[in-house]
Amino acid sequence: RIVYVHGQFIPEEEARIGLFDRGFLFGDAVYEVTAVIGGRMIDNDLHLGRLCRSLKELAIPLALSLEQIAGIQAELIARNDLRDGTVYLQVSRGEADRDFLYSEALAPKLVGFTQAKMLSGTRAQRDGIAVDLADDPRWKRRDIKTAMLLGQVMAKQAARARGFDDVWLVENGLVTEGASSTAHVITAEGHILTRAASHVTLPGCTQRALAKLCAAEGLQIVERAFAPGEAQAAAEAFQTSASSLVTPVVRIGVRLVGNGRPGPMTRKLQALYLEAAG
Ligand code: PDD
């Protein structure tokens, strides 16, 4: 693979990250993952918009325009001949001797790479997945997409050990989101429930793009939180992310959702999203 490290496109074997990089020592870095289907980036404007927001919230002064960043992504895709997969970007605050406090003069470090994998037509997309329920162990600014992901790593690994494909996180009796996705349920009346944007969850780009498509189709999205019990008793459930697109959720904890098969509304949303992406 050809990767991008601090201004250069180089073979991954030659990539070096400094020992004193704050992303490495403190998780003091933000990232984005953009889906690539048929060689094209999906919803990348939304991803770059969110990257800027994350940088601003943490006062990381990346001196690159959105066009320059998109150019780096495009070059990564071209140099790796990527058809289907993801392009990853990470911006660290920079390098300095270890100190919690940082100098505002640090030069941020941008790295990027691609990962090849089929995003659509997968088993998960076709048959749906089983998600575990777990207490949300994360900090209180989940709206910032930081590289500080140990809560998600622990939750996903525990869910996998319990035989689940993924996990939905719960706080104060309400589902926050998936460990790396936005959680949705569809009520018996056909309302699509999604949690409203706040510091409690990451505002999903896939969810935002899907909401726009739904509005154009006259499908109703209701922004409100739901409890694990409501999700388990819902007509349908699904999760969205750049790496999983629209993925049906057919079991939540011990309970099957509906008849345990992806529902008709979820199928329609999958088709709508793929059609817009293609
Ligand atoms: N994760 N919530 C969390 C906690 C996430 O990590 C993600 C994405 C999402 C969905 O966001 P989007 O639709 O913009 O991808 C929601 C990426 C895919 C990851 O960490 O790999």
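Just so it is clear, none of the values below were taken in a lab; they were calculated from the coordinates. Please read all numbers here as calculations on a predicted model, not as lab measurements. Neighbour counts are summed over all protein chains in view; Cβ atoms, including those assigned to glycine, are modelled from backbone coordinates with ideal geometry.
Restricting attention to the range 241-278, the residues being among the basic types (Lys, Arg) and surrounded by 17 or more Cβ atoms within 10 Å (Cβ to Cβ) number 1. Counting only helices (runs of 4 or more DSSP H) that fall entirely inside the range 6-110 and contain at least 2 residues that are farther than 17 Å from Thr146 by Cα and without any contact (Cβ under 8 Å) to a residue 60 or more places away in the chain, the qualifying elements are 44-57, 66-79. Against the conditions (1) over 16 Å from Pro203 (Cα atoms); (2) surrounded by 14 or more Cβ atoms within 10 Å (Cβ to Cβ), Thr34 satisfies every one except (1). Among the residues of the range 34-62, those identified as farther than 18 Å from Leu110 by Cβ, touching an Asp or Glu at 6+ places or on another chain (Cβ under 9 Å) and within 14 Å of the ligand (Cβ to nearest atom) are Ala35, Val36, Ile37. Would you check if Leu106 is of a type in the set (A, V, I, L, M, F, W, C) and either away from the ligand (no atom under 16 Å from the Cβ) or more than 15 Å from the chain's Cα centre (by Cα) (or both)? Against the criterion (of a type in the set (A, V, I, L, M, F, W, C) and either away from the ligand (no atom under 16 Å from the Cβ) or more than 15 Å from the chain's Cα centre (by Cα) (or both)), Leu106 qualifies.
For the range 177-191, the criterion of being within 14 Å of Gln239 (Cα to Cα) and touching a Gly at 6+ places or on another chain (Cβ under 6 Å) is met by at least one residue. Of everything listed in (1) away from the ligand (no atom under 16 Å from the Cβ); (2) under 22 Å from Tyr273 (Cα atoms); (3) in contact with a Lys or Arg (Cβ under 8 Å, 6 or more places away or on another chain); (4) not polar (S, T, N, Q), the single unmet condition for Arg195 is (1). Restricted to the range 111-125, and to residues that are assigned to a loop (DSSP other than H, G, I, E, B) and crowded, with 16+ Cβ neighbours inside 10 Å, which residue is nearest to the ligand (Cβ to nearest atom)? By that ranking, first place goes to Leu119. Every listed requirement among (1) touching a strand residue (DSSP E or B) at 6+ places or on another chain (Cβ under 7 Å); (2) outside any strand (DSSP E or B); (3) within 15 Å of the ligand (Cβ to nearest atom) is met by Ala234 save one, (3). Annotation note: Cβ proximity below 7 Å between a residue of the range 166-182 that is more than 14 Å from Trp139 (Cβ to Cβ) and a residue that is among the acidic types (Asp, Glu) and part of a loop (DSSP other than H, G, I, E, B) (sequence gap 6+ or interchain) occurs for Val170/Asp136.
Scan the range 145-192 for residues that are more than 14 Å from the ligand (Cβ to nearest atom) and of a type in the set (Val, Ile, Thr) and jot them down. Those that are more than 14 Å from the ligand (Cβ to nearest atom) and of a type in the set (Val, Ile, Thr): Val185, Ile186, Thr187, Ile192. Residue count for the range 198-231 satisfying the condition of being part of a helix (DSSP H, G or I) and either within 11 Å of the ligand (Cβ to nearest atom) or in contact with a strand residue (DSSP E or B) (Cβ under 6 Å, 6 or more places away or on another chain) (or both): 10.
Within the range 128-184, being within 27 Å of Ala59 (Cβ to Cβ), crowded, with 18+ Cβ neighbours inside 10 Å and among the basic types (Lys, Arg) holds for Arg138, Arg142, Lys145.
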